[in-house]
Amino acid sequence: MRLGAIWRGAWALTTTVFNFRATDGTSAVILNVSTPLETSPDEAWSLIKKSSTFAFVTRGLLRLRDQSQLPREWHAGQTVRSRLILLGFLPAWMHELRVLTVDDTNRLMQTAEKSGPLRRWDHTLAVTPNDETGSTYTDTINLEAGPLTPIAAPIARLFFHYRQSRLRRLARREVSRQGRGARENPQIGRAHV
């Protein structure tokens, strides 16, 4: 029962758009997955830039074998290479993540990644204002895995729904933690108003 509730939670509040026609003539698929976050765009962006957020949102499904390579915060020009560990114990292929852009003004990060059967995994992470909840977080993934692309795309969709459900949870926890700090220390409350 608990697993079912967790699984339904991963799908709640997310929006997915598939584009099965890549503009570059390859078999690439462009996947957009968005979710509302109950935090300001600046607070959400601050979370997105932390590598600890990456570790949290992927926990349980995958991790990098050498987590010590991860910077405290992502910056353009960084490259991380490490073996992927699936489900917490299965060694998989080597993964390379290159951070191309970190744009604080537009709250946008772009990476170029590849590993195993994934020839291309271009990932754009974006935070935009949202009047209803505070902000919207969007993952845009341009993935290409040759003949495995039709299999990789739905798996990526599931993976990003899971990541975003964990991100919503983390954002709620951070907002709650900041609210407690504001009640305990009035100076904090004034700083965030």
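The values are calculated or read from the model by the stated rules, or taken from the named source; none is laboratory data. On a predicted model such as this, the values are computed, not experimentally measured, just so you know. Quick note on the areas: whole protein, heavy atoms, side chains included, nothing else; ligands and nucleic acids left out. Shrake-Rupley method; radii C 1.70, N 1.55, O 1.52, S 1.80 Å.
According to the square roots a ≥ b ≥ c of the eigenvalues of the Cα gyration tensor, what is the shape class of the stretch 21-157, taking rounded for a/c under 1.5, prolate for a/b larger than b/c otherwise, and oblate for the remainder?
On the way: a/c = 1.68, a/b = 1.24, b/c = 1.35.
The shape class here is oblate.
Give the accessible area for Lys49 in Å² (nearest 10); use a 1.4 Å probe, count only protein heavy atoms, and leave out ligands, DNA and RNA.
Using a 1.4 Å probe on the heavy atoms, I get roughly 20 Å².
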